[in-house]
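The values are calculated or read from the model by the stated rules, or taken from the named source; none is laboratory data. Since we're looking at a predicted model, the values are computed, not measured. Methodologically, a virtual Cβ is constructed for each residue, glycine included, from the backbone with ideal geometry; neighbour enumeration extends over all protein chains shown. Just so you know, the surface numbers come from the protein's heavy atoms only, side chains and all, with ligands and any DNA or RNA stripped out. Shrake-Rupley method; radii C 1.70, N 1.55, O 1.52, S 1.80 Å.
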Amino acid sequence: MRLMDQCHDNCRTCDLGLFPHDSVREGQEEFLEDARMCLGQRTHLLAHAPTGLGKTAVALTAALEAVSPYGGRALFLTPRQSQHAIAVSTLKAMSVKADVRAVDLIGRDDMCLAKRSGPAPCSLGRECYFDQDPGGTPDRLLERPLHAQEAMALCLKDGVCPHRAALEAVKHASVVVADYNQMFSRTADILERSQLDPSSTILVIDEAHNLPARAMDNHSAALTLDGIDAAIASPKLRHFGEDLGLLRSLVAKAVSSRSGLLASDYVDRPLKRECGVDASGLAEEMEEASKGDSSAWPVIGALRVWGLHPESAVRFAESGPERIVIRCIDPLPVVSPVLSKVACALLMSGTLHPPEMYADLLGAEGAVCRRYSSPYPTENREVLAVGGVSSRFRQRSPAMYKALASRISEICRSAPGNVAAFFPSYDLMERTREEVAPMPLGRTVICDRRDFGKNERDAVLHRMESGRCLLMSSMNGSFSEGVDFCSGLLSAVAIVGLPVPPPSRDRDLAMRRMEGRLGKRKAEHYMTTYPAVAKALQAAGRAIRGPEDRAAIVLLDDRYLMPGLRAAFPDDFRISRCDDLTASLDAFFARRREG
Ligand code: SF4
């Protein structure tokens, strides 16, 4: 059945197609039109679509309308499981208009009903209470869109494994909500495993600014001495003693000789000579033999990626722990083949800026790139750049930390509500905090920590409800991306310094690779300028969560005054030079009170 067959001619619902709301918001129309056009014509669309634009509703509407005439499917992929909820809620709203056969697919461990702690029993080879044919349950899962928790409750009643039932349901679904890993991991993707035709599949990749890093991480691994020892100790792998012993000696030799970069045949050649297989062949054999024994997984994973991307990965030895690291430094060979085999993809994010960069990095050939403006009034956000301070390494000193602390203190004195200060690193945050501590801020200072879990982060948000807090955090932590600040929680955000990636061997190698692939100029922008801009934008975005929010964004680094860097921000992120911070903030907050 076609998705829109349930609608009668010329009704309001038909005007909107499957769009789940009564009307299309201002700014949303253009995005919906582009998405319908691109996905209808099987063209990739990369969309910088700021918060508030209703991306999920647009993307799911366009994708489902495009696949329904030929019985294809949309895969809605998110970087985090917590982001499934909004997609499933949107599908529920759409299912009022038409038959939407949807599956919310999360990890086996997270769906497991038999699991108490650690991995699901079945993945450890132990007998599973629910391990049986899911019968008619997959069909029942498809009757209406269900959140994973609701699907689990249904499976509990039916006495079947929820993950197994969800995987069966994928084969007949019109839309699957899943994690990036289902398409961009180093093992077979969900389409392959479910024997589905990729050419009738449209991908929607949410929060797509995360995709390059996630794709590279998924194709990176480490071959550690500890991991090899654990595999040697596994009774199921006793026939691999010789191979694992050889691997062990190769890792130990590379670590002790402090060798630089290792060629991809560093492991392959001796393995082939002594054992007759290369790294990937050994991984396959060990996987077969170790079924259900998780102690061998780290070694198998590392062997799998060893030769996967000869040109786009680097291998080097490290000590503490002793290991050979295999690091993928270019997302192109991971993502591009996936984009080439599916019908098309819609990549979207509030910070997919500039979208052309992501098309280049990911190999999205022939893609249409679009930037949409924020749907919120520009006057709700005052962006001020302050000179005389910087996070540059060569300028870091006690005097600089004090200067940064004074600026933060000024913001705290002017802002009527909570202030968040985001730093390029926890180290700079700590040093500035020491200078902030004796200052009379008239508010509680809360410092984020690397080891904060969800409960601690929730407690921080709870404390901020008092409205008189200064939150200090890192732009690499969860508070700048991931944690959802509710509307109105922040009056001001300080972006302390420019969060350029710190120098490292990986970065140098990746830069060289990008220079070879895209030229020196693009490599510099793509590896340094835009990643810093993306982090600053993410952190700045914490303050404006709804149409009523008004907040000041203060950029504390003289580099934000440079025309080249200002031009790297989206057009609607208008940065004003600020010489008198207190006066500018007081004027903004006075306007805010009046308005
Ligand atoms: S088969 Fe399913 S329910 Fe059973 S242990 Fe494995 S994941 Fe859990």
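Here are a few things to note about the model shown:
- Filtering segment 88-120 to residues that are within 18 Å of P138 (Cα to Cα) and away from the ligand (no atom under 16 Å from the Cβ) leaves V88, L91, K92, S95, D99, V100, R101, A102.
- Some residue of segment 190-213 being touching a residue at least 40 places away in the same chain (Cβ under 8 Å), crowded, with 21+ Cβ neighbours inside 10 Å and under 30 Å from K272 (Cβ atoms): no
- Complete set of residues in segment 153-166 that are surrounded by fewer than 21 Cβ atoms within 10 Å (Cβ to Cβ) and either touching a helix residue (DSSP H, G or I) at 6+ places or on another chain (Cβ under 7 Å) or small (G, A, S) (or both): A153, L154, D158, G159
- Just one of the listed residues (G482, G546, G541, G519) is at pLDDT 95 or above and more than 19 Å from V386 (Cβ to Cβ), namely G519.
- Selection status of S373, of a type in the set (S, T, N, Q), modelled with pLDDT of 95 or more and either assigned to a loop (DSSP other than H, G, I, E, B) or crowded, with 22+ Cβ neighbours inside 10 Å (or both): no
- Boolean, V389 is assigned to a loop (DSSP other than H, G, I, E, B), among the hydrophobic types (A, V, I, L, M, F, W, C) and surrounded by 15 or more Cβ atoms within 10 Å (Cβ to Cβ): yes
- Only one of the numbered conditions (1) surrounded by fewer than 21 Cβ atoms within 10 Å (Cβ to Cβ); (2) of a type outside the set (A, V, I, L, M); (3) more than 30 Å from E33 (Cα to Cα) is not met by R323, and that is (1).
- V314 aliphatic (A, V, I, L, M) and more than 24 Å from C122 (Cα to Cα): yes
- Some residue of segment 413-428 being part of a helix (DSSP H, G or I) and of a type in the set (S, T, N, Q): yes
- Residue check, S409 at pLDDT 95 or above and in a loop (DSSP other than H, G, I, E, B): no
- Test: residue in segment 550-560 that is within 29 Å of the chain's Cα centre (by Cα), at negative phi and modelled with pLDDT under 95: yes
- Residues of segment 142-166 that turn out to be in contact (Cβ under 8 Å) with a residue 24 or more places away in the chain and either under 30 Å from P212 (Cα atoms) or more than 14 Å from the ligand (Cβ to nearest atom) (or both), as a count: 9
- All of (1) of a type outside the set (A, V, I, L, M, F, W, C); (2) crowded, with 17+ Cβ neighbours inside 10 Å; (3) out of contact with any Lys or Arg (no Cβ under 9 Å at 6 or more places or on another chain) hold for P424 with one exception: (3).
- With respect to the conditions (1) hydrophobic (A, V, I, L, M, F, W, C); (2) out of contact with any Leu (no Cβ under 6 Å at 6 or more places or on another chain); (3) part of a helix (DSSP H, G or I); (4) within 25 Å of A213 (Cβ to Cβ), I553 lacks only one, and its number is (3).
- Of the numbered criteria (1) closer than 14 Å to G307 by Cα; (2) more than 34 Å from the chain's Cα centre (by Cα); (3) in a helix (DSSP H, G or I), the one D268 fails is (2).
- Taken over segment 64-87, the criterion of being open to solvent by 30 Å² or more (accessible area, probe 1.4 Å) and more than 16 Å from the ligand (Cβ to nearest atom) is satisfied by E65, P69, Y70, G71, R80, S82, Q83, A85, I86.
- Residue check, E143 part of a loop (DSSP other than H, G, I, E, B), farther than 30 Å from A49 by Cα and open to solvent by 10 Å² or more (accessible area, probe 1.4 Å): yes
- Looking across segment 22-36, the residues that are in contact (Cβ under 8 Å) with a residue 40 or more places away in the chain and surrounded by 13 or more Cβ atoms within 10 Å (Cβ to Cβ) come down to R25, G27, Q28, E30, F31, D34, A35.
- Check on A169, in a helix (DSSP H, G or I), open to solvent by less than 10 Å² (accessible area, probe 1.4 Å), away from the ligand (no atom under 13 Å from the Cβ) and in contact (Cβ under 8 Å) with a residue 40 or more places away in the chain: yes
- For segment 383-419, the set of residues classified as touching a Cys at 6+ places or on another chain (Cβ under 9 Å) and under 24 Å from P570 (Cα atoms) consists of L384, A385, V386, G387, V419, listed by residue number.
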